[in-house]
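A short worksheet on the structure shown next.
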Amino acid sequence: MVPHDELDGTTTLRHAGTRLPRVLKPADENDVLREQLEYLISHATEPDFRGCTECQRFLRVRSALLEIFSEPEPQSVRQSSAGLLIAA
């Protein structure tokens, strides 16, 4: 038995004696999202852009993230669609 087991970041299971790393808290969502974006960007920028499921996933994410930069609807279109909702 190691006298200071808690200091090396592992724990021992009594039945198997296997050392496993301790998980203190779940991963930060922002870090996970950033890591996924970096992966998708690096995948999609490879010379062999083949349209696989990962490439399609990149295009969907890119489209969703860039949606706020698209041109706004003209005011008349918004007013007419609002009128249709009220009339219904």
- Message: Given the options Ile41, Ile86, name the one that is at pLDDT 75 or above and hydrophobic (A, V, I, L, M, F, W, C).
- Response: Ile41
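Report, by residue number, each residue of region 29-55 that is among the polar types (S, T, N, Q) and within 10 Å of the chain's Cα centre (by Cα). Even if it seems obvious, please write down each step before you answer.
Residues of region 29-55 among the polar types (S, T, N, Q): 30, 36, 42, 45, 53.
Result: Asn30, Gln36.
When the residues of region 50-83 are narrowed to those that are at pLDDT below 65 and of a type outside the set (A, V, I, L, M, F, W, C), which ends up nearest to Glu38 (Cα to Cα)?
Among them, the one singled out is Arg78.
Please go through region 5-38 and pick out each residue that is in a loop (DSSP other than H, G, I, E, B) and at pLDDT below 55.
If the condition is that a residue be in a loop (DSSP other than H, G, I, E, B) and at pLDDT below 55, then Leu13 is the only one that fits.
The values are calculated or read from the model by the stated rules, or taken from the named source; none is laboratory data. Just so we're clear, the structure is a prediction, and the values are computed from it rather than from any experiment.
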